[in-house]
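Only one structure is covered here, and it is reproduced in the block below.
The values are calculated or read from the model by the stated rules, or taken from the named source; none is laboratory data. Predicted model, so just to flag it, every value in this text is computed and none were measured. Note that each Cβ is placed from the backbone with ideal geometry, even for glycine, and that neighbours are counted across all protein chains shown.
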Amino acid sequence: MTTQTTEAPVREAVLSLTGVNKRFGAVQALTDVSLHVAPGEVVALVGDNGAGKSTLVKIISGVYESDGGEIRIEGKPVSVHGPAHAQELGIATVFQDLALCDNLDVVANLFLGQEVSRTSVIDEVEMEKESWRLLRTLSAKIPSVRIPIASLSGGQRQTVAIARSLIGNPKVVMLDEPTAALGVAQTAEVLNLVERLRETGLGVILISHNMADVQAVADRIVVLRLGRNAADFTVEEATTEQLVAAITGASDNVVASRAARHKGATDE
Ligand SMILES: Nc1ncnc2c1ncn2[C@@H]1O[C@H](COP(=O)(O)OP(=O)(O)O)[C@@H](O)[C@H]1O
Ligand SMILES: [Mg+2]
């Protein structure tokens, strides 16, 4: 049985992983995993609990070191030495807990730990201007940048966390379950943000449990199962049934049957 998908991306990938392995003690969390993201492409990373999604995200964002494999950014092999280095390399991550400070305002949260300083005095005017610029990039609906995070909705908080990830002009943004805690209207708002990120030419990796969200916004869907690549669909070709089958392993031959369909199409 082979469930590997190592197809070359159509456009040159901004981020490319091949042969990534990660073991935690007795648990082989990732085995020979590949993932490619092009600029202006939204790749959804899906899979059941324990499939290895978070581990993969943490390897890309420098939280964990892989046990082998290659990471390339714009074709250049890199090793990621920690989260700060990942940011320098142009990889931004919005973790599921968002890590916002409820009692601080939007500007303070956007610049937490990276205050724009001019002769060691924090330039509040500059930071406020930059905050509005970032929020405009996302067409975000935030009433004021001087209100505390505590008074924002879940969707607005997600907006602030995404805006913060854009400081430093990343090439790739990873979003871990951005709609997990949101209602319908706020989910739609966040999916709009994902589309804005794509329009700005970023490579976007979206981790989600919600197949409707994934199908609404992704260009490509990469399925992990038991730490391995199980399927790689374009959003047009994947039916919900096929996705579920790939996630659960109900059908081990999703990739094979797809390859057969492709072959059938080219033979005609
Ligand atoms: N820090 C860790 N220590 C030990 N095992 C881990 C650790 N992180 C993840 N795992 C294991 O690795 C596998 C993949 O987990 P994870 O990446 O969290 O999956 P997902 O995010 O898809 O639910 C699981 O079997 C999990 O128990
Ligand atoms: Mg996880």
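Across the range 16-45, which residue is nearest to ligand 1 (Cβ to nearest atom) among those that are within 11 Å of the chain's Cα centre (by Cα) and in a strand (DSSP E or B)? Restricting to residues being within 11 Å of the chain's Cα centre (by Cα) and in a strand (DSSP E or B), the top hit is L45. Please determine, by comparing only the residues of the range 189-237 that are in a strand (DSSP E or B) and in contact with a Lys or Arg (Cβ under 9 Å, 6 or more places away or on another chain), which one is nearest to Q96 (Cα to Cα). The selected residue is I207. Residues in the range 33-64 that are basic (K, R) and touching a helix residue (DSSP H, G or I) at 6+ places or on another chain (Cβ under 8 Å): none. Condition first: assigned to a loop (DSSP other than H, G, I, E, B) and more than 16 Å from ligand 1 (Cβ to nearest atom). Now tell me which residues in the range 147-178 satisfy that. Matches in the range 147-178: I147, L152, S153, L166, I167, G168, N169, P170, K171.
Beta carbons closer than 7 Å, at least 6 apart along the sequence or on distinct chains, never pair a first residue in the range 89-103 that is within 15 Å of ligand 1 (Cβ to nearest atom) with a second that is of a type in the set (F, W, Y). In the set A163, A140, A188, only one residue is without any contact (Cβ under 8 Å) to a residue 12 or more places away in the chain and more than 16 Å from ligand 2 (Cβ to nearest atom); that residue is A188. Within the range 46-74, the set of residues being within 12 Å of ligand 1 (Cβ to nearest atom) and among the hydroxyl-bearing types (S, T, Y) comprises S54, T55, Y64. Every listed requirement among (1) more than 16 Å from ligand 2 (Cβ to nearest atom); (2) outside any loop (DSSP other than H, G, I, E, B); (3) not aliphatic (A, V, I, L, M) is met by G113 save one, (2). Across the range 143-166, which residue is farthest from the chain's Cα centre (by Cα) among those that are surrounded by fewer than 18 Cβ atoms within 10 Å (Cβ to Cβ) and of a type in the set (A, V, I, L, M, F, W, C)? Residue satisfying both the conditions and the ranking: I147. Against the test of being farther than 21 Å from A161 by Cβ, more than 10 Å from ligand 2 (Cβ to nearest atom) and under 16 Å from the mean Cα position of the chain (by Cα), the options I73, I91 yield a single qualifying residue, I73. Tallying residues that are surrounded by 17 or more Cβ atoms within 10 Å (Cβ to Cβ) and either modelled with pLDDT under 90 or of a type in the set (G, A, S) (or both) within the range 81-129 yields 9.
Screening V172 against (1) touching a Leu at 6+ places or on another chain (Cβ under 6 Å); (2) free of Cβ contacts under 8 Å to residues at least 40 places away in the same chain; (3) not hydroxyl-bearing (S, T, Y) leaves a single unmet condition, (2).
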